[in-house]
1. If the label point is 7 Å along Cα→Cβ of Asp153, which residues in the range 181-205 have backbone nitrogen under 13 Å from it?
2. Run the accessible area of the range 117-170 with a 1.4 Å probe and give the carbon-and-sulfur part as a rounded percent.
3. Return the Rg/Rh ratio of the range 158-247 with Cα-based radii and a Kirkwood Rh.
4. At 1.4 Å probe radius, can you tell me the per residue accessible area of the range 146-222 in Å²?
5. Provide the per-residue ³J(HN,Hα) series for the range 215-228, in order, calculated from phi with Karplus coefficients 6.51, -1.76, 1.60 and θ = phi - 60°, each as a whole number of Hz, with x at glycine and proline positions.
6. Put a dot 7 Å past each Cα toward the Cβ at Val133 and Ser145; how far apart are the dots in nm?
7. At 7 Å along Cα-to-Cβ for each site, give me the label-to-label distance between Ile18 and Leu191 in nm.
Amino acid sequence: MKLAQDKLDEARRGREIIERAREVFRHAQIKHDTVVDRELLRGEKMVREADERTVGYQKSMGSSPSVTFLSGATLGSGGGLGGSVVSSNTAIPISAGSDVGSGSGSSGPLSWRDAPGVVVPVAFPAGFALVPVGSIADTDPVAGSQDFDSGQDLPTLKWSANALLDVVLPALIGAGADLDSVRVALSEKDLRQGLSGERTYSRTLDGFFGDISAMKVGYTPAAGFDLQNGRHRLWLLKRLGAEQVPVRVSGAGS
C-alpha cells in the first residue's frame, strides 16, 4: 500500500514538473514571437524608408522608378504584417482599370476613381479606396478629445488607428488580391500576441472595411469628397500623420 502511495506521489510531482515546464515554454514562445514580430516590423520599416528615399531621389533627378523595393514585395500570411503610415510614395498594387487620374476641368473627374491621389489596392473590397486626407471635406471636424462622446473608448480607438496604419493597411497592400488570407493572417497574429476583444488586428480590419462600420465619403464631380461617417477616426488618423485613409466611396462613378 505504501509503495503504491509513493508511486502516486511521484507521478503527481512529475505532472507538476511537466506543467511548470509547459508554462515556462509557453511564456518563452510568446516572448520569442513578440521579438520576431518587432524585428520584422523594424525591417519592413527600414525597407519602406529606403524605398521612399529612392523614389524621392529619382523624382529629383527627373525620372520615375518602375519598380521599387516595395512594389515587388509581398507579405506572407504567417509573417510579420508591419509597416508605417501610408504615404504618397508607397508603392501600392492597384486594381485594373482604377489608375490614379490627374483630374481635369473645373467640375472635376466624373468618377471618383479618377480623382487625383486616389488609389484602389487590389485587396480592397469593392467600393473602397485610399483617398488623400486633404481631399476630404469635413463639415463637422473634431477639434480634440473633448469632442468624443462619453461612450466612446478613446484609448481603444487610438490603438485601432495605430494598428490600421502599422499593420492592417501594409498587410492589405502587400496581399495581392487575397483579402481572406489577410484576415486569417491577422487572426493568427492576434493569437500569437495574446490580443483579444476590441484591440485586435482582425477587429480593426473588420471595423475599417465593414459595410456599416467603415469610414464613408460621398463624391460629386463639382464638390469632390465629403465625409459622411468617421470624423473621429479621421481626426485620429490625421494626428498620426496619415496622408491617405481607407474609405468607402459613394456617388458619381460608383
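The values are calculated or read from the model by the stated rules, or taken from the named source; none is laboratory data. If you're wondering where the values come from, they're calculated on a predicted model, not measured in any experiment. Here Cβ is always computed from backbone atoms with ideal geometry, including for glycine, and neighbour counts include all displayed protein chains. All accessible areas refer to the heavy atoms of the entire protein, side chains included, with ligands and DNA or RNA removed. Shrake-Rupley method; radii C 1.70, N 1.55, O 1.52, S 1.80 Å.
1. Answer for the range 181-205: 195-201, 203-204.
2. Solvent-exposed carbon and sulfur of the range 117-170 make up 50 percent of the total.
3. 1.00
4. Per residue, the range 146-222 has 45 Å² of solvent-accessible surface.
5. For the range 215-228, the Karplus curve yields 5, 10, 10, x, 9, 9, x, 6, 9, x, 8, 10, 6, 10 Hz.
6. 1.8 nm
7. Each label point lies 7 Å from its Cα, and together they span 2.3 nm.
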